[in-house]
Amino acid sequence: MDEATKERIKDIDKKYRKIFYKKASVYIVDDVIYLKSYSTVVASIKDRKFRRHWGYWSATTQRHVNEFLKDFAYNLDEDVKVGKAAWIKMAVCYE
């Protein structure tokens, strides 16, 4: 991942911490972009694919996921829209 992308992710993390009152954050590990809602990793983007990591649904986490998708849609191979029904149907990734 290039340095410009890493800096963009740092800026987005600062934005999330501000607009979500420190209840959401983003970070990178081995070129995977993770979304953390409260203390739980709920989603990620790996190899240009959106992945769900949390087996439940909440309105607050949905807002965090929607913002994550808005900010990182350019980094996906396909257009992903995740509402409650789609989230619940989506397989949970445990890696």
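Quick look at the numbers
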| quantity | calculated |
| --- | --- |
| Some residue of segment 54-67 being among the aromatic types (F, W, Y), under 13 Å from the mean Cα position of the chain (by Cα), closer than 19 Å to K23 by Cβ and not in a loop (DSSP other than H, G, I, E, B) | no |
| Test: residue in segment 15-22 that is crowded, with 16+ Cβ neighbours inside 10 Å and closer than 19 Å to I88 by Cβ | no |
| Where a residue in segment 1-26 is at pLDDT below 85 and its partner, wherever it lies, is loosely packed, with under 12 Cβ neighbours inside 10 Å, with Cβ under 6 Å and at least six apart | M1/D31 |
| Tabulated pairs, segment 37-49, first closer than 17 Å to A91 by Cα and in a loop (DSSP other than H, G, I, E, B), second at pLDDT below 95 and of a type in the set (D, E), C-beta under 8 angstrom, 6+ apart or interchain | R48/D77 |
| Subset of segment 77-95 [without any contact (Cβ under 8 Å) to a residue 40 or more places away in the chain, under 17 Å from H53 (Cα atoms) and in contact with a Lys or Arg (Cβ under 6 Å, 6 or more places away or on another chain)] | M90 |
| Residue count, segment 68-95 (criterion: of a type in the set (D, E) and closer than 17 Å to Y16 by Cβ) | 1 |
| Check on Y94, of a type in the set (S, T, Y) and either modelled with pLDDT under 90 or on the phi > 0 side of the Ramachandran plot (or both) | yes |
| Residue in segment 42-50 that is surrounded by 19 or more Cβ atoms within 10 Å (Cβ to Cβ) and of a type in the set (D, E, K, R) present | no |
| In segment 44-61, residue modelled with the highest pLDDT [restricted to those that are within 19 Å of D13 (Cβ to Cβ) and touching a helix residue (DSSP H, G or I) at 6+ places or on another chain (Cβ under 8 Å)] | W54 |
| For V80: the one exception among (1) touching a strand residue (DSSP E or B) at 6+ places or on another chain (Cβ under 6 Å); (2) at pLDDT 85 or above; (3) in a loop (DSSP other than H, G, I, E, B) | (2) |
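The values are calculated or read from the model by the stated rules, or taken from the named source; none is laboratory data. Note that this is a predicted model, so its numbers are computed, not measured. Virtual Cβ from ideal backbone geometry, glycine too; neighbours counted across all protein chains shown.
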